[in-house]
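Engineer: The structure is given below, and queries will be raised subsequently.
Quick note: the coordinates plus some simple rules give every number you see, no bench work behind them. All values reported here derive from a predicted model rather than from experimental measurement. Please note: Cβ atoms are built from the backbone with ideal geometry, for glycine as well, and neighbour counts cover all protein chains shown.
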Amino acid sequence: MTRKITKTDEEWKKELSDDVYYVCRQKGTEHPFSGKYYNQKEQGTYQCACCGEPLFESDTKFDSGTGWPSFTQPVNASSTEEIKDSGHGMIRTEVVCNACGSHLGHVFEDGPAPTGLRYCINSVSLDFSKKE
């Protein structure tokens, strides 16, 4: 079971950089091709930048051509939560960290096998631990 982290908005503001706060707590989006992980090829685990929860493994990462890191699936079914997002004049599925509720990105049904899913995730919402 995933641990639940609850903090006030002020606590998050004090702990996070402006960019991380904007994307993760205010549901912002970084510019495509600007994030540090969109083109990364190293092996390891991507974690939530806000709480450290493991979210995605590098062996599920693929080049979607969109400019954001893309994955076929999360580390496990309980690491992320999917929420209907009808903002910006469209209906999408938002992906959040199940532990702390941070906005990560969106999931789309246009990914490769084996899942057919594309988890399109903001680099700024992630930290990376290289596999030793």
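Engineer: For Phe108, list long-range residues whose amide hydrogen, built 1.01 Å from N in the peptide plane, is under 5 Å from its own amide hydrogen.
Structural biologist: Arg118, Tyr119, Cys120
Engineer: Relative to the present Cα-Cα distance, how much length would full extension add between Ser129 and Arg3 at 0.36 nm per residue of separation?
Structural biologist: 43.4 nm
Engineer: What are the residues whose amide H is under 5 Å from the amide H of Gln47, where those residues sit 5 or more places off or on another chain and H is modelled from the backbone?
Structural biologist: Here Leu55, Asp127, Phe128, Ser129 satisfy the definition.
Engineer: Can you work out the FRET efficiency for the pair Asp59 and Phe33, with r the C-beta to C-beta distance and R0 = 35 Å, to the nearest 0.05?
Structural biologist: 0.95
Engineer: Largest first, please: the extent of the C-alpha atoms of the stretch 61-132 along each principal axis, to the nearest Å.
Structural biologist: Taking the Cα atoms of the stretch 61-132, the three principal extents are 43, 28, 22 Å.
Engineer: Where the centre of each part is set by its Cα atoms, how far does the stretch 93-129 sit from the stretch 30-56, in angstrom?
Structural biologist: 10
Engineer: May I pose another question? How do 94-107, 8-21 rank on mean C-beta neighbours within 10 Å, highest first?
Structural biologist: Taking the mean over residues of other Cβ atoms within 10 Å, the ranking is 94-107, 8-21.
Engineer: Given Cα pairs under 8 Å that are at least 6 residues apart, what percent is the relative contact order of the stretch 1-59? Kindly include the intermediate steps, with their values, before the conclusion.
Structural biologist: Values: 34 pairs, mean separation 13.7, N = 59.
Over the stretch 1-59, the number comes to 23 percent.
Engineer: Using just the C-alpha positions of the chain as equal point scatterers, what log10 of I(q)/I(0) does the Debye formula give at each q in 0.13, 0.16, 0.19 1/Å?
Structural biologist: Normalising to I(0) and taking log10 leaves -0.49, -0.76, -1.09.
Engineer: Take every Cα pair under 8 Å in the stretch 9-130 that's 6+ residues apart, average their separations, divide by the length, and report that relative contact order as a whole percent.
Structural biologist: 28
Engineer: Could you tell me the number of lysine pairs in the chain with C-alpha atoms less than 24 Å from each other, where the two lysines are 8 or more residues apart or belong to different chains?
Structural biologist: Lysine pairs satisfying the spacing and distance rule in the chain number 22.
Engineer: Per-residue counts of other Cβ atoms within 10 Å, averaged by peptide: what ranking do you get for 79-87, 119-127, highest first?
Structural biologist: The peptides rank, most packed first, as 119-127, 79-87.
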